[in-house]
Amino acid sequence: MCGNIETIKFTAVISAIFAFLSYFITLNMELAFFAPQWSWISNNFTLTVCGGVFTSTLVVLFCEVQKYLSNKADCEQYLFYQTMYLYSLIFQMQKNIEEYIENKEESVPEGLLEKPAQMAQSQVNAIRSIDYVTFRKQNSLVIAHRNFCTMKLLEISLALEYWNYLKRAILSTKIFNLQETGHDIPITSANTLIGQTLVIIREKYLSLLNDLSNYLETVDQACSNRFGWNEMKFKISESYISIFNLADLKTFLAQGKDL
């Protein structure tokens, strides 16, 4: 959007200059206060040139303004949905962590957070790359987006790497179990090291979800609530399916009998 704004400013200046020149030449034709004795140029010729340039730049200006408004709306939509997808990924990760904290008999897989964290990092990069600027430097969404990118996105990126700590905790526990018992015992959240690691990550992700929700609400309000963030937030929460809910699995498998 920066290039679009610069083009608008440039064409606006050129259009204003040639509008003034066209007006000046028109007055000169009526009042004759400037009458150069040049055989190779006339008021009619200069008026035609200046008027043509003015008309052309004015058309370009209108097109660029329309392009700016369209790009602004597209950019806001892209910004909202990319951030909402990031929220959904972190929400899913946080709920999965809660599942394993509550179900202490279930083995915690090493790759519990790795894949969704990598997907979330891609969303962070996508949000950071968005060129959202407007003519008004004090635009509330511009300020919120700038602050979010400079402060919160870095924090989110660091927190998304926490899967490394979980993986290290699992490997450390496996090594300890092998040394103490000689057996590869299933790793669960009942183990102190695993439980503490999961709790710390869960609390951090809950904090990030709160920050993301506040930011999405700011984006939605700045866009006249056209995205309906509160409704979407509720749907994201309601659509989560427990990974240990056998009733849902049995219902899904029962559908195969009807095919």
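A few points about this structure:
- Dipole axis of segment 2-243 (+1 Lys, Arg; -1 Asp, Glu on Cβ), positive-most option in I5, L58, H183: L58
- Dipole of segment 2-243 computed with +1 at Lys/Arg Cβ and -1 at Asp/Glu Cβ about the Cα centre; of A144, L158, L206, farthest Cα towards the positive end is A144.
- Note on E155 and S207: the extension gain reaches 17.7 nm, defined as 0.36 nm multiplied by sequence separation minus the Cα-Cα distance.
- Neighbourhood net charge (14 Å Cβ-Cβ; Lys/Arg +1, Asp/Glu -1) for N214: -2
- Estimated distance in nm for a label pair at N103 and T134, the labels positioned 7 Å out from Cα along Cα-to-Cβ: 4.6
- Rg(Cα)/(2.2 N^0.38 Å) for the chain, N = residue count: 1.68
- Note: relative contact order over segment 2-243, using C-alpha pairs below 8 Å and six or more positions apart, is 23 percent.
- Size of charge dipole - segment 2-243 - debye, nearest 20, with Cβ of Lys, Arg +1 and Asp, Glu -1, no other charges: 600
- Local electrostatic count, L113, Cβ distance below 13 Å [Lys/Arg +1, Asp/Glu -1]: +1
- Here the simple spin-label model places points 7 Å from the Cα toward Cβ, and for E6 and F62 these points are separated by 2.7 nm.
- Each Lys or Arg adds one and each Asp or Glu subtracts one; over the other residues with Cβ under 14 Å from the Cβ of C149, this totals 0.
FYI, it's all coordinate maths here, none of it is from the lab. Just so it is clear, the model here is predicted, and its values are computed rather than measured. A quick note on method: Cβ atoms are made from the backbone with ideal geometry, for glycine too, and the neighbour counts reach across all protein chains shown.
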